[in-house]
Every structure is written in structure tokens, then in C-alpha cells.
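Before any comments, here is the structure.
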Ligand SMILES: Nc1ncnc2c1ncn2[C@@H]1O[C@H](COP(=O)(O)OP(=O)(O)O)[C@@H](O)[C@H]1O
Ligand SMILES: [Mg+2]
């Protein structure tokens with residue numbers, strides 16, 4: 001019976017016994033792991049002794065947690081988001097020595113945008129790094145803009161400006177909305193941003209539900225066969241008058257079927273397009289970013305039903321599925337990382353000393369996935385699946401090269 005490490009932040013770790021783990025529904029990991037014959041061990045960076053290859057943690061066994069010092073498991077699902085340099089370095093070190101997936105949970109918005117620009121220009125709002133002159137230029141080219149921090153989340157510090165007339169702009173700051181002249185708007189934004197790291201982004205004219213704009217959270221994860229899959233999606237509807245849809249900013253959640261049939265003649269097609277774009281973008285990002293395995297995309301859909309990428313979350317807060325009453329999907333967002341962990345564990349098995357870690361850092365091989373249509377993609381998937389089912393005489397070479405390519409993707 002294998003052991004799977006689940007790395008969480010200290011505040012979650014401290015509350016494991018009391019069960020008050022906030023948005024992290026650990027019992028779902030436990031249920032999924034038990035079903036797979038695996039034992040989860042919850043860890044945090046603060047209680048880890050890398051030099052001793054050991055950590056204090058909570059092992060879930062026979063329905064309860066046992067706190068003890070354990071050997072650090074070979075495969076670790078990362079759900080932590082360390083803020084201090086020291087802990088970030090510790091996590092980096094950990095992921096060099098063990099099979100940590102999703103080791104990075106926070107990416108700069110601009111970095112992700114620049115990667116996607118190479119392939120998905122059509123589905124990206126124009127985006128630039130913040131600068132006063134750039135703001136002025138963008139205000140000339142677009143009727144409405146978002147000015148957003150590079151790396152924060154939950155809608156924090158986001159400004160929206162929208163042209164009202166030749167002279168006037170409406171400016172939505174996190175806690176107030178005003179109408180001002182162009183130069184005053186520029187100055188106010190500049191003062192707000194100060195020296196912080198911001199981007200300026202064209203506003204997507206989002207589809208709305210009863211007059212309130214919405215966007216879509218799409219969970220894309222690697223699963224039992226190591227391949228990316230779309231686990232589910234739900235809509236986030238902005239609070240009345242708000243320019244952000246984040247649930248943390250009192251946005252509400254709704255099933256996409258409700259929202260899309262409210263907004264579009266062809267709701268099924270819009271959903272399929274959101275799914276296609278999300279999957280292809282994540283597959284591509286997975287080729288470029290080390291050990292990416294579990295993300296939540298924010299996808300905006302404009303009034304014609306066309307999807308646009310807004311951001312990628314490296315630690316998807318999955319509880320929106322619960323709020324949208326999508327209990328099965330909510331569970332599956334926890335089950336998939338467990339299945340993927342099992343897949344890595346089996347793939348890196350005994351033949352190769354169990355260490356595929358180095359492959360994580362290797363130059364990634366480019367694939368042609370984003371340009372394939374659904375049928376040929378399915379065929380490719382089937383092909384690689386068949387390759388994994390080769391007879392034992394071919395096992396070591398074929399299996400290893402297939403795994404190698406998959407891990408590199
Ligand atoms: N370019 C944009 N066009 C339309 N809406 C946007 C845009 N950028 C952000 N938003 C709105 O603001 C919300 C928060 O922005 P996002 O980039 O996801 O930052 P955060 O990391 O804070 O969630 C989005 O979910 C969306 O509702
Ligand atoms: Mg967001």
C-alpha cells in the first residue's frame with residue numbers, strides 16, 4: 001500500500017485534527033485515497049526535515065489521523081502557497097528530490113499571458129505590463145480596461161476604467177466608483193498602482209445574467225492516465241455593481257447550463273468551446289511549466305459566446321463547485337490529484353529507481369496538441385494509452401519513453 005504526501009499550508013495543517021480546514025475538504029482526499037488503496041500523509045513545509053528525509057505529519061488510517069514523524073513520501077501533491085523566501089526555497093528543494101506536482105501554485109499573470117500569446121492570441125485580451133504611458137496609449141485604443149496586480153488573487157486591488165463620453169471615464173476602485181476626466185483617471189490609477197507590479201488589460205465585454213456580468217471557472221487536471229482533462233466548470237456572477245466576479249468579493253455561483261441558456265441560443269456549443277479552449281491552453285501551459293497538474297482557469301465569455309482567457313490559478317479553490325451544488329464534480333476535483341499521484345507512483349515504479357524527478361526540470365518537448373481537432377486528439381490519447389499496455393518484454397523501454405514524454409508534456 002503506497003503513501004501519498006499532501007502538502008498544505010500551516011494554518012490548514014494545524015487544524016487537521018479539529019477538521020476546521022476551511023476551504024480544503026481533506027475528507028475527499030481521504031475517501032479517494034482509501035478507494036485506491038493509498039494512505040495520505042498531510043505535511044507542511046514548516047515541519048519538514050529535508051536533510052533527514054522526514055517530516056512530522058498526519059497519516060490518515062482507519063478513519064483517523066495519527067501525528068508522528070514519517071519518511072517523506074516519494075509522490076507529493078502540493079496545495080501549499082508559501083509566502084516567505086525561505087519556505088519557497090524549501091519547496092523548490094523538496095521538488096528537486098521528490099515527485100512534487102503543482103509545486104508552483106502562484107504564477108505572474110503576465111508570464112502566463114506571454115506563454116499563451118504564442119498560440120492563442122485569438123482568445124486573449126490585449127495585455128501589457130503597467131506603465132503610465134502604456135495606460136495612456138491603452139486608453140486611446142480601448143473603451144474599457146482592467147488594471148490588475150500581477151500575482152494577487154481573489155479580486156484584490158483590481159481597478160476597472162470605462163469611457164463614458166469624450167471627456168469622462170468611470171473608474172471602479174476596490175471600494176469606490178467615480179466619474180472623472182481622462183487625465184484625472186490616469187493620475188488616480190497611477191497613484192493607486194504606485195510601484196506595485198500591475199498589468200493593464202483590455203476589458204472583455206462579458207456576457208451577463210440579469211444585468212450582472214459573469215465568467216467561468218474551469219477545473220483542468222491531470223488524472224488517472226496522466227492526461228489533462230476538464231473536470232468541470234461553473235459560473236461566477238458579479239455582485240450588483242461590482243466589476244469582479246470573485247466569490248470572495250461576494251460574487252455568486254451558478255451552473256453554466258443556467259447561465260449559457262440565459263445568454264445564448266446555442267448553450268451547448270458555447271460550453272463545448274469553453275471546454276476546448278481551456279483544455280488546449282492548459283495542455284500547452286503544461287508543456288512549458290514544470291510539473292503542472294491541477295489548475296483553475298478563469299474564462300470570460302463575451303456576448304457572442306466566444307471564450308477569452310482571463311487568468312490561471314495554480315491552486316484552484318474548488319469550493320465553488322460545492323456552492324454551485326455540483327457535489328460529484330466537487331469530489332472529483334479532489335479525486336483526480338489522488339489518481340494522478342497513483343499514476344506517477346506506478347509510472348516511476350521499481351524499474352527506474354522511482355525517481356523521475358529530474359525529468360520535471362528537463363527541456364520540454366513541443367507537441368502539436370493545440371492544433372489537433374477532437375477526433376485526432378482522441379486518437380492520440382488512445383495511441384499513448386495502447387503504448388502503455390505493451391507486453392512485459394517491451395515494458396522497460398517503451399513504457400519508459402512514453403512516460404518520459406508524458407511527464408515532459
Ligand atoms: N480583462 C477582463 N475583462 C473582463 N473581466 C475581467 C478582466 N480581468 C478581470 N476581470 C474580472 O475580474 C475578476 C478577477 O480578475 P482575475 O484576473 O481573475 O484576478 P484574481 O486573481 O484577483 O481573481 C475576473 O474573474 C473577472 O470577473
Ligand atoms: Mg480570478
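Being more than 16 Å from ligand 1 (Cβ to nearest atom), in contact with a strand residue (DSSP E or B) (Cβ under 9 Å, 6 or more places away or on another chain) and not assigned by TED's automatic domain parsing to the domain that holds residue 152 is a property that holds for residue 332. Flag not set for residue 103, criterion: part of a loop (DSSP other than H, G, I, E, B), within 30 Å of residue 72 (Cβ to Cβ) and within 16 Å of ligand 2 (Cβ to nearest atom).
Of everything listed in (1) free of Cβ contacts under 8 Å to residues at least 12 places away in the same chain; (2) touching a helix residue (DSSP H, G or I) at 6+ places or on another chain (Cβ under 9 Å), the single unmet condition for residue 194 is (2). Taking the criterion of being closer than 16 Å to residue 310 by Cα, more than 9 Å from ligand 1 (Cβ to nearest atom) and assigned to a strand (DSSP E or B), the residues of the stretch 134-161 that qualify are 147, 159. Hey, any hits in the stretch 174-184 for a residue that's more than 10 Å from ligand 1 (Cβ to nearest atom), at pLDDT 95 or above, crowded, with 17+ Cβ neighbours inside 10 Å and not assigned by TED's automatic domain parsing to the domain that holds residue 255? The answer is yes, given that some residue of the stretch 174-184 is more than 10 Å from ligand 1 (Cβ to nearest atom), at pLDDT 95 or above, crowded, with 17+ Cβ neighbours inside 10 Å and not assigned by TED's automatic domain parsing to the domain that holds residue 255. The C-beta contact set for the stretch 149-168 (first residue touching a residue at least 60 places away in the same chain (Cβ under 8 Å), second residue within 14 Å of ligand 2 (Cβ to nearest atom) and not in a loop (DSSP other than H, G, I, E, B), distance under 6 angstrom, 6+ apart or interchain) comprises 154/248; 155/249; 158/148; 160/146.
Taken as a whole, the stretch 163-171 holds no residue that is at pLDDT below 95, within 15 Å of ligand 2 (Cβ to nearest atom), exposed (fewer than 14 other Cβ atoms within 10 Å of the Cβ) and not in a helix (DSSP H, G or I). In the set (1) more than 30 Å from residue 309 (Cβ to Cβ); (2) in a helix (DSSP H, G or I); (3) touching a helix residue (DSSP H, G or I) at 6+ places or on another chain (Cβ under 7 Å), residue 56 fails one condition alone, (2).
If I filter the stretch 271-284 for residues that are within 16 Å of ligand 2 (Cβ to nearest atom), more than 25 Å from residue 108 (Cα to Cα) and touching a strand residue (DSSP E or B) at 6+ places or on another chain (Cβ under 6 Å), do I get at least one hit?
no
Scan the stretch 264-276 and give yes if some residue there is farther than 21 Å from residue 162 by Cα and within 15 Å of ligand 1 (Cβ to nearest atom), otherwise no. The answer is yes, given that some residue of the stretch 264-276 is farther than 21 Å from residue 162 by Cα and within 15 Å of ligand 1 (Cβ to nearest atom).
Each row is one residue, and each column tells you yes or no for (1) surrounded by fewer than 19 Cβ atoms within 10 Å (Cβ to Cβ); (2) under 25 Å from residue 83 (Cα atoms).
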position	(1), (2)
26	no, yes
34	yes, no
46	yes, yes
62	yes, no
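Note on the stretch 231-263: among residues that are part of a helix (DSSP H, G or I), crowded, with 23+ Cβ neighbours inside 10 Å and within 16 Å of ligand 1 (Cβ to nearest atom), the one that is nearest to the chain's Cα centre (by Cα) is 256.
Within the stretch 285-308, if we keep just the residues that are more than 12 Å from the chain's Cα centre (by Cα) and within 16 Å of ligand 2 (Cβ to nearest atom), the residue that is surrounded by the fewest Cβ atoms within 10 Å (Cβ to Cβ) turns out to be 308.
The values are calculated or read from the model by the stated rules, or taken from the named source; none is laboratory data. If you're wondering where the values come from, they're calculated on a predicted model, not measured in any experiment. Quick reminder, even Gly has a Cβ in these numbers, built from the backbone with ideal geometry, and neighbours come from all protein chains shown.
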